[in-house]
Number of protein chains: 2
Amino acid sequence: MSQAPAISPTREKDFPEWYQQVVRAADMAENSEVRGCMVIKPWGYGLWENIQKQLDVKFKETGHVNAYFPLLIPLSYLEKEAQHAEGFATECAVVTHHRLEAQKQPDGTTKMIPTGKLEEPFVIRPTSETIIGAAFARWVQSYRDLPLLINQWANVMRWEMRPRLFLRTAEFLWQEGHTAHETEEEAMEETKLMHKVYADFLRNHLAIPVIPGEKTENERFPGAVNTFTVEAMVQDRKAIQAGTSHYLGQNFAKAANIQFLGRDNTRQFAHTTSWGMSTRLIGTLIMAHGDDDGVIMPPRMAPYQIVILPVTPKPDTRQEVIDACEALAKTLRTQTFHGELLRVHVDKRDLQGGAKNWEWIKKGVPLRVEMGPRDITSRSVAVCRRDQGPKAKEIVGKEDFLRDVTEKLQEIQDALLARATEMRDANMKKMETMEEFQAFFAEGSPGGFALMHWAGSNEEEDKIAKDMKVTIRCVPISDEFAEEGKCFLTGKPSSKRVIFARSY
Amino acid sequence: MSQAPAISPTREKDFPEWYQQVVRAADMAENSEVRGCMVIKPWGYGLWENIQKQLDVKFKETGHVNAYFPLLIPLSYLEKEAQHAEGFATECAVVTHHRLEAQKQPDGTTKMIPTGKLEEPFVIRPTSETIIGAAFARWVQSYRDLPLLINQWANVMRWEMRPRLFLRTAEFLWQEGHTAHETEEEAMEETKLMHKVYADFLRNHLAIPVIPGEKTENERFPGAVNTFTVEAMVQDRKAIQAGTSHYLGQNFAKAANIQFLGRDNTRQFAHTTSWGMSTRLIGTLIMAHGDDDGVIMPPRMAPYQIVILPVTPKPDTRQEVIDACEALAKTLRTQTFHGELLRVHVDKRDLQGGAKNWEWIKKGVPLRVEMGPRDITSRSVAVCRRDQGPKAKEIVGKEDFLRDVTEKLQEIQDALLARATEMRDANMKKMETMEEFQAFFAEGSPGGFALMHWAGSNEEEDKIAKDMKVTIRCVPISDEFAEEGKCFLTGKPSSKRVIFARSY
Ligand SMILES: [Zn+2]
Ligand SMILES: [Zn+2]
């Protein structure tokens, strides 16, 4: 009876290929001819705009302001912070010339030849610690200038050999927070505050449960003292790092010379932090919530939360139906959901109804509303929820729909979070021995989050990563994970479990 | 009696240097160590955020959606559109390598060496016509796919030899609209619509009157069929091109192969447009409205529209005053001005009152409000308007202030527009002869907008530009400029006056 799903292959059959097909079917992004660089199409960019808007509110509520720093970084800046640079700047775009000369060819075409060689080459920022550090060094003189609480929305670039839309692209969009503080305590407080902001954003906005934790030394941001992470599980049971917040100690302040005259009249180095989230969140959202019919947008994030589909069987009632749909949209747009006016679209295109319907299913619009001549007469609408099957449809009175619509959106938001939490919990397992661990991550077994006691060395951690392609995603912060036990590799005592998983 | 102005030199004395000092005094931007690239500081970026937000609303109201395209452009794309490329791509940043190797030096330092030479170099986009054209060619198959109405917010880069903050920088931020249409009429309608949107934005948001007009062939965007511009006059009487909207005909569609199957079943090239505004608007705003005390922000654009300055003469009433200021701010923030919640800041820093006051004057905050212990008792506040002198202060009842505050903001907005219009009109002159023209633009004379009858050739136009550093800023659209006359150079009949001016 049931129709074939819209996306082929299914998640079960081939998750990576399902992902590519879902992105394409939802028309969210595509590869460009520039290796590793994507074009973010309007439906994908609309989601990014909502991510930006909602995160930006949180950043400002916590006292941050936005600024903008140069795209290009002099090589000498990277050379100052060698540890950071070696971890980061090895695969990046290098600008060596500043002019092109148009050369007419004998066949009438034009060739562009790079000229104007630069004395010092630049790299396109892979991240901005060094260039922002140089600005902070100019701005900070006294403890009165601190804290500096800055965020930047920007594009960054890291040359990628195996790009995947949203998940790993040479150019991507992100925000990078950079702050400088008088004391270690304040900087650590900031690091943890933004870590919390990220965890809240994922849970309450993207409907993705995360386990907040700290990275081990092996997995830290190059040059950081502590790296905090929010790790999500997606439907192939792999982990994805959705955001990180770093306490950088005085390392970057020393490299960039961010010094200030303290309250005690001595010169001191500032304590700095940095934290970031990127367009990778879009890939995370798709892999966390999507089903075999395509993307499912959590209502808080959806570019359109409601799409109204006019049902126009006969030309002579078409205009009346369209007018009624527009009127409904107008009324809906006066309502708010989490403080934002409802985003409602009326799809008036002259296309077959089934095709339109499936298009919006694949794009993941939370509510689809159909209205035709008979609905106008009976003052009702047909409502379809994206978190239910494509055929599920409820006929409700128009007034009831208007009254309950934001409640319905919240129900969908909650249902997505519940479903994602269930999926994660079902695939998170406490184990004690190496045999269990190896079986859990054996080829062909589904894997998931392995909660293990761990007291191994950095080298032993590396060896597991190399042998089994499994890493410690984080040392969870929550007390839930605290208990006495023995490291599954070394047998040494451990007071907490860590999370091992395969990851993106 | 009057105090020396805050900015030295004054506008009268040295306008270019005044401009640099104003930007610095308002803490809006600074030069970075990357040649020609600026750091946009929070007060400057806050203005840019408001420009973005308000323009974005207009773009969406007119049916556009945002998307994002790659930063890097393959040289082969530029070679396809040689006319465009030669006009644009000569001074730009060229990426030739994709890897850095860290080399340890004998002295313990690290050197970064570019490696991984690219087969085909890239340029950092100076504008995105070519790369967006390639995407449009993939997206457009049939007339049903048209119109495509896309906007991009992005950074772009043009190597600049003589950079000036906001006005001419190697990297700058902008929006670039790119649209494709079925017919010439539709594309021309779009070009004119966005031209109108720009003129409205400048007039009603930035409080800058502009003369909408068309560029002559000499001044057109490379490859465009028509270029429409909004030209503003700033206080040194020079013109600044604040935004342009281009009808590109089928030129770019042919170069990028944007073809579609038409209603008549024939393959046709699309008609495309592009239009853009940039961080240059910030420089325009500063030069249009600033005075010898610094920036003046039009209330619609100000990052803070109101700054409340607690007057705390004694420690024991300090907290009470601060609480009252915060309460006032909270009440103000529930009011809206042009649909946006009021942006209000309480400056609680422990600094001397006079220093704080001057800081906000130099930053151009429209309303400064002082409240101290005596004001609390008398339920009043002291209000200073930035468009009046630094000493002008009005004591008003707190309730009256709350009732009238948005009206007061609109008064300032209107006053700035009126002042800028008066300045422009006083410096715009109809002239008939070459002698008048030469005297108007002679060294040492103030210059301005010369309204001249013109029927010269492109070469004659070039010669004037070369000899006198004066160009035709636009052929105004408005009928006001239509009248019969004779070209001041050639004596040929002309039915309209054009605007000649020196320009940024
Ligand atoms: Zn929240
Ligand atoms: Zn307007």
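The values are calculated or read from the model by the stated rules, or taken from the named source; none is laboratory data. Treat the numbers as computed from the prediction; the structure is a model and nothing was measured. Cβ coordinates were reconstructed from backbone atoms using ideal geometry, including for glycine residues, and neighbour counts include every protein chain displayed.
A few comments on the model shown:
- Selection from region B:114-131 of residues that are within 9 Å of chain A (Cβ to nearest Cβ) and over 30 Å from residue B:272 (Cβ atoms): B:114, B:115, B:116
- Here the condition is being under 25 Å from the mean Cα position of the chain (by Cα) and crowded, with 20+ Cβ neighbours inside 10 Å; of A:368, A:386, A:419, it holds for A:386 alone.
- Scanning region B:190-204 for any residue that is more than 25 Å from residue B:450 (Cβ to Cβ) and either within 16 Å of ligand 1 (Cβ to nearest atom) or part of a loop (DSSP other than H, G, I, E, B) (or both) turns up nothing.
- Identity of the residue in region A:138-157, more than 10 Å from every other protein chain (Cβ to nearest Cβ) and not hydroxyl-bearing (Ser, Thr, Tyr), that ends up nearest to residue B:90 (Cα to Cα): A:140
- Per the conditions (1) under 20 Å from residue A:334 (Cβ atoms); (2) over 25 Å from the mean Cα position of the chain (by Cα), the sole criterion not satisfied by residue A:410 is (2).
- Subset of region B:30-74 [within 7 Å of chain A (Cβ to nearest Cβ), in a helix (DSSP H, G or I) and touching a Phe, Trp or Tyr at 6+ places or on another chain (Cβ under 7 Å)]: B:45
- Failed condition for residue B:90, given (1) part of a strand (DSSP E or B); (2) surrounded by 16 or more Cβ atoms within 10 Å (Cβ to Cβ); (3) at the interface with chain A (Cβ under 9 Å from one of its Cβ atoms); (4) not hydrophobic (A, V, I, L, M, F, W, C): (1)
- Consider region B:390-405 and keep the residues that are in contact (Cβ under 8 Å) with a residue 40 or more places away in the chain and farther than 23 Å from residue B:359 by Cα. The one that is surrounded by the most Cβ atoms within 10 Å (Cβ to Cβ) is B:398.
- Filtered residue count, region B:279-318, keeping only those that are touching a Ser or Thr at 6+ places or on another chain (Cβ under 8 Å) and surrounded by fewer than 24 Cβ atoms within 10 Å (Cβ to Cβ): 2
- Filter result (within 15 Å of the chain's Cα centre (by Cα) and within 18 Å of residue B:288 (Cβ to Cβ)) within region B:20-50: B:23, B:28, B:29, B:44, B:47, B:48, B:50
- Elements of type helices (runs of 4 or more DSSP H) in region A:228-334, at least 1 residues being modelled with pLDDT of 95 or more, touching a His at 6+ places or on another chain (Cβ under 7 Å) and over 30 Å from residue A:181 (Cβ atoms): none
- Qualifying residue in region A:180-187 (condition: at pLDDT 95 or above, surrounded by fewer than 23 Cβ atoms within 10 Å (Cβ to Cβ) and either within 14 Å of chain B (Cβ to nearest Cβ) or within 16 Å of ligand 2 (Cβ to nearest atom) (or both)): no
- Within region A:424-447, the set of residues being surrounded by 13 or more Cβ atoms within 10 Å (Cβ to Cβ) and touching a helix residue (DSSP H, G or I) at 6+ places or on another chain (Cβ under 7 Å) comprises A:429, A:431, A:441, A:447.
- Screening residue B:135 against (1) more than 10 Å from chain A (Cβ to nearest Cβ); (2) away from ligand 2 (no atom under 16 Å from the Cβ); (3) in a helix (DSSP H, G or I); (4) touching a residue at least 60 places away in the same chain (Cβ under 8 Å) leaves a single unmet condition, (1).
- The listed residues are B:144, B:158, and the only one of them that is more than 16 Å from ligand 1 (Cβ to nearest atom) and in contact (Cβ under 8 Å) with a residue 40 or more places away in the chain turns out to be B:158.
- Selection count where residues are more than 16 Å from ligand 2 (Cβ to nearest atom) and not in a loop (DSSP other than H, G, I, E, B), scope region B:154-179: 14
- Residue check, residue B:197 out of contact with any Pro (no Cβ under 7 Å at 6 or more places or on another chain), more than 14 Å from chain A (Cβ to nearest Cβ) and within 16 Å of ligand 2 (Cβ to nearest atom): yes
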